[in-house]
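I have placed the structure first, in the form of structure tokens, so that the comments after it can refer back to it.
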Amino acid sequence: MVKSGRENDKVEIIAVTKTVDVDRIQEALSLGLRNIGENRPQELVRKYDIIGKGPNYHMIGHLQTNKVKYIIDKVSLIHSLDRISLAEELDKRAKMHNLIINTLIQVNVAEEDSKFGLKVEEVMPFIESILKYNNIKIKGLMTIAPFSENPEEVRWVFKTLRQLRDSIVREKFDNVEMGILSMGMTNDYTIAVEEGANMVRIGTGLFGKRNY
């Protein structure tokens, strides 16, 4: 944080709990972690039912529209909004629960075939197309950089997302906030923070390497 020149800014850690058992999650929560990130809706629901409402639950993986109904009243933030059909379903389900659902737009900056998300040039038109959905609140952007042994090689990904954020802010869209940049994982989060991340998703760094 000092190196990034942002020591007074807050960077939130999202503990990625995929395959982590509830006892270990509760131990992490007892040590002060407050954000749980799950990739799969059914796992989020299972852990929510055991752990309860204490922590903030984040949906960080790809979200199918038919799974929205299971998590809509349980999550603090959805990191993976990437298509109109999902926005429509989130809005519909949020209305049913009298909620405003907080979301991040997932951007596939590196345009990897193996990852979900919008291309950079698609983001602005996408925002314009979902402004009509009053029960969705866009809070920022999320990206996943390609894995690299040398994180410096993916610095451009994080820098591009920050520049996109700045461009969106200048447009002054109604009901759109750009306060969150969710980017950076165990192997590259320091670079991400230097480039403006204020939310990082850490799994291996907290719970050790896992076999999926």
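Nothing in this text is a laboratory measurement; each read-out follows from the coordinates by a stated rule. Since the model is a prediction, treat every value here as computed from it, not as a measurement. All Cβ positions, glycine included, derive from the backbone under ideal geometry; neighbour counts span all protein chains shown.
If M183 satisfies all but one of (1) over 16 Å from the mean Cα position of the chain (by Cα); (2) under 20 Å from L63 (Cβ atoms); (3) among the hydrophobic types (A, V, I, L, M, F, W, C), what's the number of the condition it fails?
It is condition (1) that M183 fails.
Specify the residue that is surrounded by the fewest Cβ atoms within 10 Å (Cβ to Cβ); the eligible residues are those in the stretch 103-160 that are part of a loop (DSSP other than H, G, I, E, B) and aliphatic (A, V, I, L, M).
As a first pass, look at the stretch 103-160 and keep what is part of a loop (DSSP other than H, G, I, E, B): 108-117, 119, 131-135, 143-150.
Okay, now just the ones that are also aliphatic (A, V, I, L, M), so 109-110, 131, 144-145.
Numbers: V109: 25, A110: 17, L131: 13, I144: 26, A145: 25.
My answer is L131.
Any idea which of D73, D91 is over 24 Å from T186 (Cβ atoms), surrounded by 13 or more Cβ atoms within 10 Å (Cβ to Cβ), in contact with a Leu (Cβ under 8 Å, 6 or more places away or on another chain) and of a type in the set (D, E, K, R)? If you could, list the steps in order and put the result at the bottom.
Details: D91 fails: in contact with a Leu (Cβ under 8 Å, 6 or more places away or on another chain).
So the residue among D73, D91 that is over 24 Å from T186 (Cβ atoms), surrounded by 13 or more Cβ atoms within 10 Å (Cβ to Cβ), in contact with a Leu (Cβ under 8 Å, 6 or more places away or on another chain) and of a type in the set (D, E, K, R) is D73.
Which numbered condition trips up G54, out of (1) in contact with a strand residue (DSSP E or B) (Cβ under 9 Å, 6 or more places away or on another chain); (2) exposed (fewer than 14 other Cβ atoms within 10 Å of the Cβ)?
Exception for G54: condition (1).
What number of residues in the stretch 28-44 are touching a strand residue (DSSP E or B) at 6+ places or on another chain (Cβ under 9 Å) and assigned to a helix (DSSP H, G or I)?
Count: 4.
From I144, I191, I168, which residue is hydrophobic (A, V, I, L, M, F, W, C) and under 16 Å from the mean Cα position of the chain (by Cα)? I'd like the intermediate steps shown before the answer.
On the way: I191 fails: under 16 Å from the mean Cα position of the chain (by Cα); I168 fails: under 16 Å from the mean Cα position of the chain (by Cα).
Exactly one residue qualifies, and that residue is I144.
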